[in-house]
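> Questions regarding the structure given below will be posed in turn.
The values are calculated or read from the model by the stated rules, or taken from the named source; none is laboratory data. Quantities reported herein were computed from a predicted structural model and do not represent experimental measurements. Here the Cβ positions follow ideal geometry from the backbone for every residue, glycine too, while neighbour counts run over all protein chains shown. The protein model used for the area step is the full one, side chains on, heavy atoms only, and it has no ligands, DNA or RNA in it. Shrake-Rupley method; radii C 1.70, N 1.55, O 1.52, S 1.80 Å.
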Amino acid sequence: YDESDLFLKEEDIMVWETEEETSSSSSTSSVSTSLSEVVAPPAVTTIARLNRLAGPIKAAKWMDMMTRHPVLMSHVLLSDGIRSTEALLRFNLNLTPSQFNKINKATTTSSSSRKIYNNKSNAILTRLNRSTLRSFLHFFTKTIKLDAVQLQRMVVSRPQLLAYSVSNLSSTYAYFAQELQLSQAEIVKLVMASPASLMYGLDSRIKPNVEFLRNEVGVGSKHWRKIVYAYPQVFSYSVDTVYRPKVAYFLETLQLERKSDVSTIVSKYPPTLWLSTRNIQSKLDFFVM
């Protein structure tokens, strides 16, 4: 770190030590002990880090804190436990420099994506603080029960998750577990296969898709585990712009008379709902010929 980063200079320490020598022997003993440690390299690093995190701290303030709490301050300044959010992220996920750079560069989304992903801001890392990061890590390791390798892989592949509140993620998890009755192992596989499944709005995308397939297509509850577990991209498409027009296409083009016929098609091969009509029509033409 540059010397200019420090607001507690060597001459300030020397002056303070001289002044402290005139104080009582008990006070001098504890303070001089901490001061002898403060000049150690870890303390210099910690002071620079605290100045960047908390803003400029004047030498007088440092000296006041160290006079009042010499033992505590010496412990803090010599501890490596004070880390920036970025440092905590790298440490807890065991990220390589290239992985962290990938996350840092990938934490922006297009305006169209923000509309889908609850309109989150581009500046994800700047919005993340240590408290929210710890809550995020606790949720994925203790609630969803990802191991260290899975957690690292998920964040590196979909860093936008870092911008989402744990309360929203918890609501989506609870819906998968209680309403769709997915097991813990199935939810882990779902999250690893498609982390974006947790990013869609529960009320604006996930629930409407489920209700559409239940009520308008007639997919039975026994098929839900298969569809969501094997094809998590079922939540990636809109009911109004993709699913409902596709069902109408099936009824008109295939001349299906019963809703149960559409339900059978979707249950047997869910991707038929989001394959393009051109794709489907070319296959129909092939078999007709």
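> In the stretch 174-193, which residues are open to solvent by less than 20 Å² (accessible area, probe 1.4 Å) and outside any helix (DSSP H, G or I)?
L180, L182
> For the stretch 141-173: of the residues being within 16 Å of M192 (Cβ to Cβ) and free of Cβ contacts under 8 Å to residues at least 24 places away in the same chain, which is surrounded by the most Cβ atoms within 10 Å (Cβ to Cβ)?
T141
> Next question, about the same structure. Taking the stretch 266-278 as the region of interest, how many residues are in a helix (DSSP H, G or I) and either of a type in the set (S, T, Y) or open to solvent by 50 Å² or more (accessible area, probe 1.4 Å) (or both)?
Qualifying residue count, the stretch 266-278: 5.
> Can you name the condition, by its number, that S84 falls short on among (1) exposed (fewer than 15 other Cβ atoms within 10 Å of the Cβ); (2) hydroxyl-bearing (S, T, Y); (3) modelled with pLDDT of 80 or more?
S84 satisfies every listed condition except (3).
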